[in-house]
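The values are calculated or read from the model by the stated rules, or taken from the named source; none is laboratory data. Everything quoted here is computed from the prediction, not taken from an experiment. A quick note on method: Cβ atoms are made from the backbone with ideal geometry, for glycine too, and the neighbour counts reach across all protein chains shown.
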Amino acid sequence: MAAVADTAPLSPDGTPLTRKDQTLLLFARLMEGGQEDDETVRDLGKLTQLLTEDVELCKAKAGEQTITSVIDGDCVDTIVCYLDMRQPQIVRAHATLCTSAYLKAAGEDGNRKLADFFYDRVRRGTYDDYIVAFCVAATIFPIVPDLTSELFLSSGFLPSLGPLMRRKWKSRKVETACLEMLNAACMHTPCREAVTKYCAEWLEEIVDQDPEEVVQSMSAANSDAPLQEGSVSMRRHSLQVQNLAAVVLAKLRVVQPPAPPPDGSGPRIQPATTSVEDLSKMFTKMLLENPEHSTQSSIEGLAYASLQSKVKENLASNKEFLANLVKTLGSAVPKSPLTYGALSIFSNLTRYQPIQSEEEKRITQLKAYANAAGKLQADPLNDDDHVTERCKRVFEAGITPILVTHSKNGSVASLALIISIIYSLSLTPSLRGKLAQQGAVRLLIVAWNALPESESKTRRIAAQSLARILISTNPAHVFGGTSPIPQSAAIRPLASIVLPDPNAETRDLLPTFEALMALTNLASTDDDTRSNIVRAAWADIEEQLLSSNSRITTAAVELICNLVQSTDIAVTLYADGTPQAQSRLKILVALADAEDSGTRSAAGGGLASLTGFEAVVRAIVAQERGAELILGLCADDSEDIRHRGAFVVYNMTAVEGETGRLAREKLRAAGAVEVLTECARKSRRSEVVEITIGALKALLEK
């Protein structure tokens, strides 16, 4: 049977309802109340769909009447009241989507109606009105920050919160709603500054207060009054409220710490303020002792507090806390605030300071002189040694398998944090093999492929992390056996960072170096891998041969030395007699005379393989200084380099026919007999002496 098309509802006379009539019908049901949650969710979903379609229709058809014209203030009141914290979470989630769709469709008219709702509820001043107003403000802050901040900063609003929160008889729900609103407001700089000005003092009072002492004192004053645990309680502030207040205070302290008064001004004794360290200890204690009721707020608070170095050290040295945080992350729902908060803490604990160029260091120092009379002191707790120790502790807590699990279903933002943590852990060479064993290689390859092109920075970090691990591990161990991912899958990510980042303000060559080293390791395995590397990155690899940085040049030559172990690649790139091949060979021979001994050694290794082809020998002989540069390897101070040079000479002298005759003539004319004799005399290893004498015999006998 064919599926029945989704049609508009019908009126009593059987005609389809217009979109405005459908809107009014939905509002009538939502206003009536008494529905089951799933019915409310369904109606909110249909209303969201109508509002979303309305935007598109009004764009597509000039003069199209918007359905928002039938949505008055009472309708807006109906929608946003479903944002109340006392509503089920699923209802609040659908109401959030509906509110967002309405504000987008209604434009300025919607903003005005929402503002009227907020001011009206605050003006009424009942506990219920405060709860709804605060919940609405907290929810719509990320949706329309400009509108919400305007409401938030309206004259007299923030100063009125102090007396409200200090009332003797308190509603915990009012407190919670108010603090959640302040928490959301801290994302906006002017709002955060206003919260610091008007709310910091009573936030301190909430955090510092002992709820048990308050109850006891009130009970002593009125021993006949029963203690209550309802909406309005004798207890001024619950532990949950204290924790929420601490989260807000942590955001204020971390982003905008209290400034000391100017010299000579202010009272001699300043009022005590709760430090970020004190707040972090409170969050840690709550997380360990009362996780059922404080996990989310404690994690959020620590995500901010752990930006400070002392807090990082305290958290990283607490094994019980790290184990608990790993466990919390392991059980957290993917793409949830709890997951993002826990990942943020681990990212803060493991983050290294960015590497600065000499120019950047000078600029930083000049700024320090200008701002602080020349006092420039780097935080010792953020130096590489301290961060490395924190990374080891985080790794030992068992974070890697949890990161692997979350990477499979995480959001782009969570994936970026996961990659940043692996990136930091991979800086410690002793951890790289263990990271590979625990699935980090597969994580990075899958993440690199899954991330969109717009996330180019995160993809580069993933590729560089992969390079570091593959530099220090045996590819056969990483990709062999029952590995779910082939070795070839690592090539494209590595190839993507061979060239420096074109979008970076400063030129960082470390990713290039590490990518070349990792590819060199892979190229030591088999011809299929070598062919895949050439297909994916040859042009970029070849470009690095002429780098101004000697370490980059060396790494590129070492990679080529491994690549040409494949006969097909050697012939295609260097031995097919084409002008391109001759030009490449000329560069490689010239690098045999480089100042850097590593470059000379790698070039000698590549030439030792390539001179097994007659076309290569012929091309070297044709170069003006070809024989002289080859003999320079045999005269090197390094015995390893002399070994490679003697092998190249042996290959050239052993060629039959006209090419061999010309090679021997060129070598003899360049002083090969004397050079090889001295090479044999200086060398101590038998294999070097043997190949040198073999080359000398071939040179003389033929």
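Here is how the numbers come out for the structure above:
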read-out: Residue match in segment 577-590 (condition: crowded, with 17+ Cβ neighbours inside 10 Å, within 49 Å of the chain's Cα centre (by Cα), among the small types (Gly, Ala, Ser) and more than 18 Å from residue 690 (Cα to Cα)); value: yes
read-out: Condition check for residue 638: among the hydroxyl-bearing types (Ser, Thr, Tyr) and touching a residue at least 40 places away in the same chain (Cβ under 8 Å); value: yes
read-out: Check on residue 115, part of a helix (DSSP H, G or I), of a type in the set (A, V, I, L, M, F, W, C) and under 20 Å from residue 138 (Cα atoms); value: yes
read-out: Matching residues in segment 170-195 - criterion: being part of a helix (DSSP H, G or I), touching a residue at least 60 places away in the same chain (Cβ under 8 Å) and surrounded by fewer than 23 Cβ atoms within 10 Å (Cβ to Cβ); value: 172, 173, 176, 180, 183, 192, 193
read-out: Restricting segment 154-196 to residues that are of a type in the set (D, E, K, R) and touching a helix residue (DSSP H, G or I) at 6+ places or on another chain (Cβ under 8 Å), the residue that is nearest to residue 134 (Cα to Cα); value: 180
read-out: Lone qualifier among 556, 504, 523, 518 - being over 22 Å from residue 601 (Cα atoms) and either of a type in the set (Val, Ile, Thr) or assigned by TED's automatic domain parsing to the domain that holds residue 477 (or both); value: 504
read-out: Candidate set: segment 457-493, residues that are under 22 Å from the mean Cα position of the chain (by Cα) and of a type in the set (Gly, Ala, Ser); chosen: the one surrounded by the fewest Cβ atoms within 10 Å (Cβ to Cβ); value: 489
read-out: Selected residue (only one of 306, 294, 298, 280 is modelled with pLDDT under 85, buried (at least 22 other Cβ atoms within 10 Å of the Cβ) and within 41 Å of the chain's Cα centre (by Cα)); value: 294
read-out: Criterion: assigned to a loop (DSSP other than H, G, I, E, B) and either in the same structural domain as residue 672 (by TED's automatic domain parsing) or of a type in the set (A, V, I, L, M) (or both) - qualifying residue of 624, 628; value: 624
read-out: Residue 465 being under 25 Å from residue 355 (Cα atoms) and touching a Phe, Trp or Tyr at 6+ places or on another chain (Cβ under 6 Å); value: yes
read-out: Which listed residue is within 53 Å of the chain's Cα centre (by Cα), surrounded by fewer than 23 Cβ atoms within 10 Å (Cβ to Cβ), at pLDDT 90 or above and not hydrophobic (A, V, I, L, M, F, W, C), from 626, 612, 694; value: 612
read-out: Hits in segment 118-137 (condition: surrounded by fewer than 22 Cβ atoms within 10 Å (Cβ to Cβ) and hydrophobic (A, V, I, L, M, F, W, C)); value: 122
